[in-house]
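Notes follow the structure.
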């Protein structure tokens, strides 16, 4: 959520920043309109409250002086003023809700370092690692859904029978390979990130804290009976670990990681990339998240998450590239995002396997997470950073396609072999 004080003091600058996202200034103007009305009514309410208090003292003095008739007249005025004060208080509360609702629907301000642009086509490829378009043999140009069927790694029919369309089922060595990747990621990052196993069903205010609500309600799974939401990413519960808390600056940055299943409706994606495991309503992911004291520390945390995710892809023997998202393609809550895309030769596609984002103080302002500066002064809102250590279904697809051998078996990357019971090659079950 944006800082209301900044919207009041720099409305043109805020509107200009939002214009880089492709948003017009109507949302800012509406916040200012509601805010001005709220402040005016709050002023009237406070004046009436002061008048009621003053009348109360005058009435008391009149009764002591025996001026009962005058006191009765003032009491009537006080009653009318009190009733109007209560009505205004109700109107102020309603305007508070209106203002908050409008603020919750406004996206974050893009970082000045985010490239300009209006869509995915304007994203900037910062660098590409390990890619040679001519370096893949015909045996690697087989899509993972065909490999999965051939080796018994994937069972889409059973998944559809059990859960419906756009769910995945891994079997045998396919399931074990997925689990090996997850464990590698947890072990690799356990040196600096505290492992958390959070709930995967969360309250509405937990989803609001990260910006997934109210704007993206249609993309989430909601259990109406209990008013709980299935998490779209572990970023949601990890961000709220510190909700309504104040930390000492000396303990920052705080770093957390979590392996969870994640749930997304993928609204509007039907018919697009729906074969295999590229788009699924349920998928496994290991998430890294940090609380930081200000922008400088946050950007260092963002760079750390990026480096850790890159190292895993490199050790898995995958080609990948780093993409700097333009302002118009940023997620609603992000100020700056670097996507990591792994190349899958069978699909002949660059697959987003990690999205590493700095959210400035946008999420923490919603969640009310602050820190006490070491040098003294009032608590300040922390900055949050998060990124996938790896989104595993797409990474799984890239590994299976990249490491397919001419005989149709899969060479297990050396880094995964300890998690596969020493297996170097996997074939049909």
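Could you tell me the calculated FRET efficiency between residue 227 and residue 61, based on Cβ-Cβ distance and R0 = 45 angstrom, to the nearest 0.05? It comes out at approximately 0.30. Note on 153, 131: ascending count of other Cβ atoms within 10 Å places them as 131, 153, the fewest first. Seen against the Cα atoms of the chain and their longest principal axis, helix 26-64 is set at about 30 degrees. Across segment 1-140, the convex hull enclosing all Cα atoms gives 166 Å³ per residue. With Cα atoms as the point set, segment 85-158 shows a radius of gyration and Dmax of 26.5, 78 Å. Taking packing as the residue-averaged number of other Cβ atoms within 10 angstrom, the listed peptides 388-394, 116-122, 198-204, 181-187 run from highest to lowest as 388-394, 181-187, 198-204, 116-122. If you take the Cα centroid of segment 298-376 and the Cα centroid of segment 160-195, the two points sit 20 Å apart. Helix 392-402 and the long axis of the chain differ in direction by around 20°, with both axes built from C-alpha atoms. Rounded to the nearest 10 degrees, the inclination of helix 172-189 to the longest alpha-carbon principal axis of the chain is 60 degrees.
Expressed as a fraction of 2.2 N^0.38 Å, the C-alpha radius of gyration for the chain is 1.25. For segment 318-429, what Kirkwood radius comes out of the mean inverse Cα-Cα distance, in Å? Its Kirkwood hydrodynamic radius stands at 17.0 Å. Between residue 19 and residue 201, the contour length at 0.36 nm per residue exceeds the alpha carbon distance by 62.0 nm.
Ordering 261, 280 from the fewest to the most neighbouring beta carbons within 10 Å gives 261, 280. Subtracting the Cα-Cα distance of residue 96 and residue 9 from their residue separation scaled by 0.36 nm leaves 29.4 nm.
By DSSP, the beta bridges lying fully in the chain are antiparallel in about 90 percent of cases. Using the Cβ-Cβ distance between residue 33 and residue 348 with R0 set to 41 Å, the FRET efficiency from 1/(1 + (r/R0)^6) comes to roughly 0.20.
The length gained by stretching the chain between residue 121 and residue 246 to full extension, at 0.36 nm per residue less their Cα-Cα distance, is 40.9 nm.
A short reminder: the numbers here are calculations on the coordinates, not readings from a lab. Treat the numbers as computed from the prediction; the structure is a model and nothing was measured. Note that we place each Cβ from the backbone using ideal geometry, even for glycine, and neighbour counts take in every protein chain shown.
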